[in-house]
Every structure is written in structure tokens, then in C-alpha cells.
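This report refers to the structure that appears directly beneath it.
The values are calculated or read from the model by the stated rules, or taken from the named source; none is laboratory data. Treat the numbers as computed from the prediction; the structure is a model and nothing was measured. When we count neighbours, we look across all protein chains shown, and the Cβ atoms used for this are built from the backbone with ideal geometry, even at glycine. Side chains are part of the model used for accessible areas, which takes the heavy atoms of the whole protein and leaves out ligands, DNA and RNA. Shrake-Rupley method; radii C 1.70, N 1.55, O 1.52, S 1.80 Å.
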Amino acid sequence: MVHLILFRFRVGIGGGGGDAVVGPARRSFEVPASLSINLRTHDQEHHECDSETHQPSQPAKMPALYLTAPISADPRLALSLAAQAPTFTTSQASSWWSSLPYPLTLFLNSESQEKWTSYENLFLACLRTGDFTTAYTCLEALIARFGKTNDHILALQGLYQEATAQNTGQLEEVMKAYDEVLREDPTIFSVRKRRAALLRSVGKAAEAIADLTVLVDASPTDAEAWAELADLCLGQGSLEQAVYCLEEVLLVMPNAWNMHARLGEVVYMSAQKMEGGDQMKALAESMRRFCRSIELCDGYLRGFYGLRVTTGTLLEALQGAKKGQPTTSDPLAGDLAPPSVATVMKLNELATAKLAEIVRRGTAGEKGWDGYSEVELKAAKDLIDRDTQKIER
Amino acid sequence: MAAIATAINVLGVLFLSHAAYEHSLLTSASTSLPPTHSLLPASLDPKITLPLDITLETLFSVLLLCAGMVLSSADLKPIQWRVWAGTLEASQEAREVKEVGVGGGNPYQALEERAGFWDVRGVGKATRGWMDGGGDKKGKGRA
């Protein structure tokens, strides 16, 4: 599983890789003044933090809560992290022994991966909840450890500037700072990604797509960038390009069951705009994608939900097709023939049965079945009930 | 299960040590000379016969210890991809991050969350709006 852990870091921390190199800056350029933090008027508040009493730094084990990044849709993790951030930073702040000469500090520091992951996650949580002072403290600690010109720290600085920008003028400055950094060194992928994210957040989706196209051209194995590009294309309504990007994601990460499900969903969306033989092909492909996601993950609720929906639509389409239109399948192009009605019906029944089982066990909260969210279970239940109503009528 | 396994282990150790103790007492306990073995030279002759009960006790203790070790070992982890993936999706505790790089749920969730492209302004605004609107009024199913 080691390669998965590497992927997790590569994908999550942004193209350039999470390098934890301490020491002098590797690059000869100066970080643009607008991207460095000194211009903001947080120095005064920072001095206030310094004057508080500091507890000695504890080389204790960080709570596992700090190790999860607070970037999911649910804000409660971010809230709890942000609430604990001030005490964390003051407990970690330097005390009398950091002023000792270099060899002795080696014996007394509390260095660990958990510490810096915690700092970063607390930083993100504070940005999310609006506690910019503590975020600044965390960022300063990270800069002190890793240096200002570290790829990832540059991205975090940019993140801070974006979050604290109050008008479009300041956002323009941030954009200019990104451009300057990239002009000096165009290979800093973390900053490239932040630039694309900023373009997207101000609404310039077409420019963001152009930026990301350059990025994936330079680094075609960056699955995160392809996934973001797929999302952007979907937002713009170009479904074929979204499908292409998701297929690229699957090329890089072929065992990602959630991306198979995502691709099934997008292909289903595109199938609803098509007609006749093309629609049949697209529905069949969508069904196969969901089948693959279920092959890769036992009891995958999203996969079974999609399978139920696509088999339902496919059954209707196949019954319509029986009355006339021949479906084209071109063996030279490698298309698969549309599945037979019997197969589709069996899959439909299987999906219904499994959905019912998951809903039953998930709502009962059995051990080993408690990972499904209420929203998902409710949606699955609604799907089953809707179809049983149709049968009853 | 753990208690039973520990008990079996303790019993096994007791019996083994008892058998060893009895074996160590053999030369002092026996008074009569045992029959000499014609195949062995005099210097290698142990001059005792090993009683059957010590042998049986040793074997019994070894069996007990084997059973105890097997019962007290940790559960086997899944080696099939789909079973592993299924536990990540279905169970809450598989999602907890135990150390950096260990645990943490679905590793491909990063492709859907995309930390490198995080929209801090939009998400921040939504979060602050949610907090101002009262926050978490009733608990939801999953963190």
C-alpha cells in the first residue's frame, strides 16, 4: 500500500511533492513582496501573541483529530480544529531552549511529521472560519521551519493572501504575485494550481480551464489536476471533455472506485442528451462504469445507486428499441455490444437488493456499517421507495 | 477471547516450566542405575531414563502454548482490494487518521476534494455563513 500513500501525498499536497527540506532557499529569486506576509498589518497582533505566557513545547503525541485536513464539505471538523488552534500554537511556541546554540537544540526539539501536518490543518481550519490571526501564527511557524521559497509554503502563503483579500484589487495583487513567482520558476506546480483555483473562484472559468490545460500538458500524470479540469468542464457544460478528463484520471489511478462512479454519473448525464443508438451505448457504458466501481469496492452505496438508476433507464430504452431501431455496434472501433435485457434485469434486481440491505443495516447502525452518511442512506431509500410506488400503481 | 488466550498461554508456560523442573530433578531423584545403552559410548550415556509423564507434560504444554499464541494474535487484515475498499466506505473507524500516512479512509477521496485547488474564499464564506446562521442545530450522521 506504500504507493497509495505516496499518491495521497502527491495528489493532496500539490504537484511539486511535499518536500520537507529545511535550510537556505533553493532558488535565487526573491519572493515577491506582495506574496510575503510582511505588508499586511498583522505585525501588531503578532506581537501581542508573543507577549502571552508560553508553555514549554511538548513533544507529546498530537491528537489524531489534527491529522485530517478540514477541506471536506462538512464544516464541523474545521470548527473544532479552529477552536483548539490558539492553545496549540501557544503550547508549541518557542521557549527558552530555542535560544540555545545549534547543537543543543537538536536534543530538545519536538520534531515530528504529525506536528507539521497539524500546523497545516489548523492553518486551513482557521482560514475557513475566519480566524486570520491564528492562521498567521501557524503560517509563520511553517515558514520558519520550511523556508519562504518552499513550493508548498508558497502555496500556503498564497492561500492566506487570497483568504484575507477584501476586494478585487487585492486579489489582482495576489494574481500578479503568482505570475511573478511562475515567471521566475515555471515548474512550481503548487502555485500553478493556486493560480487556476483563484481564477475559478473569481469566476473566470475559461481562463482557469486554459491554465489547467497547460498544467496537464506539462504533467499528464497529475490526477488531481485532471479531476479539477473535469469538474470545470462539467461546470461549463462540455460533457465530452469532462468524460475525457475523467478517463485520464482513471488512466493514472485505475483502481479509484469513486472516480469510476463519477465517470458513470457524467456519462449518464451525457446520455440523457443523446438519442437512439448513441444513447444506448452511453447508458451501457455508464452501467459498466458503475459495475466496475462495485467490483472494486464491496457494498459501495454510490455504485449501487448508480447501477439501479442506469439499469432502470437502460431497460426502458431497450424495450423501446425492441420495437424498431437497430442499435449499431462497430467491432472495429472496439465498441461493446449493448447488454442483453436479461443481464440488465438481473443487475437491476441485484442493485435493488443490495441497496435495501445497505439502507437497512446503515440506518440500524450496525457495527461495520456506520460509515454511510444519513443523506446518502435517505437518498437510497427514496430511490427504492419511488420504484416500489411505481410497481404498486 | 483475549482472556482465554492469555489463560491458555499462562497454563502452557506453567506446565512447561514444571516439566523442566521435574527433568532437572531426575538425576537427584533416581537411586538405582538404569540399564546401560549398548549403542552409546560411556561418556555420552545420560544415565537416566526419561519418564513418560515428563514427555507427555512437555508435549501438552507445547500444544497449549501453540493454541494460546494463535488465539491471542491480531485479526488478519483484508488482502482483497474490494474487501479493503468496502471497509473504508462502510465503517466509520476506518476513516480515522491514526498517524501521518496510516488510516485516513479512502485515499482517492483526495481526487474529489482536491486540496491543491481549494477554494478558500468560497468555502470560507459558506462556513462563516453557516456559523452565523446557527451552526449545527442537530447532529448529522457522519463527520
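Values as computed for the structure displayed
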| read-out | value |
| --- | --- |
| Cβ crowding within 10 Å averaged over residues, with A:112-122, A:200-210 ranked highest first | A:112-122, A:200-210 |
| Links that overshoot a 23 Å alpha carbon limit, given the list A:K281/A:K390; A:K115/A:K193; A:K204/A:K281; A:K193/B:K98; A:K367/B:K77 | A:K281/A:K390; A:K115/A:K193; A:K204/A:K281; A:K193/B:K98 |
| Amide hydrogen neighbours beyond the local backbone of B:G103, cut-off 5 Å, H modeled | B:K98 |
| J(HN,Hα) series, region A:103-119, from Karplus relation 6.51 cos²θ - 1.76 cosθ + 1.60, nearest Hz, glycine and proline x | x, 6, 5, 4, 7, 10, 8, 10, 8, 7, 5, 4, 4, 6, 5, 4, 4 |
| Rg to Rh, two decimals, where region B:81-133 supplies the alpha carbon set and Rh follows Kirkwood | 1.12 |
| Charge dipole of region B:81-133 about the Cα centre (unit charges at C-beta), most positive-ward option of B:V120, B:Q92, B:V102 | B:V120 |
| Backbone HN-Hα couplings from phi across region A:302-318 [Karplus 6.51/-1.76/1.60, Hz, Gly and Pro as x] | 4, x, 5, 4, x, 5, 4, 5, 5, 5, x, 5, 5, 4, 4, 5, 5 |
| Per-residue average of Cβ from other chains inside 10 Å of A:366-379 | 4 |
| Sites A:T363 and B:S24 - FRET efficiency at Förster radius 60 Å, r taken between beta-carbons, to 0.05 | 0.40 |
| Average beta-carbon neighbours from other chains, 10 Å sphere, peptide A:219-226 | 2 |
| Peptides ranked, highest mean first, by Cβ atoms within 10 Å: ranges B:62-71, B:116-125, A:127-136, A:353-362 | A:127-136, B:116-125, A:353-362, B:62-71 |
| Sites A:A342 and B:L11, calculated FRET efficiency, Cβ-Cβ separation with R0 56 Å, nearest 0.05 | 0.40 |
| Extreme residue, positive dipole direction of region A:167-218, given options A:V202, A:P186, A:V214 (C-beta unit charges) | A:V202 |
| Protection-proxy order for peptides A:226-236, A:258-268, each taking the mean of Cβ atoms within 10 Å per residue, highest first | A:258-268, A:226-236 |
| Cα→Cβ-extended label distance, 7 Å offset, between A:E295 and A:D387, nm | 2.1 nm |
| Probe 1.4 Å - accessible area at A:M274, Å² to nearest ten | 70 Å² |
| FRET efficiency, 1/(1 + (r/R0)^6) with R0 35 Å, evaluated for A:T168 and A:L350 via beta carbons | 0.10 |
| Inter-chain Cβ neighbour average for residues A:68-81, partner chain, 10 Å | 5 |
| Simple label model, 7 Å out from Cα along Cβ direction - A:D74 to B:S38, nm | 8.3 nm |
| Among B:S91, B:S17, B:S43, residue whose mean-square fluctuation peaks in a GNM of chain B (springs only between Cα atoms under 10 Å) | B:S43 |
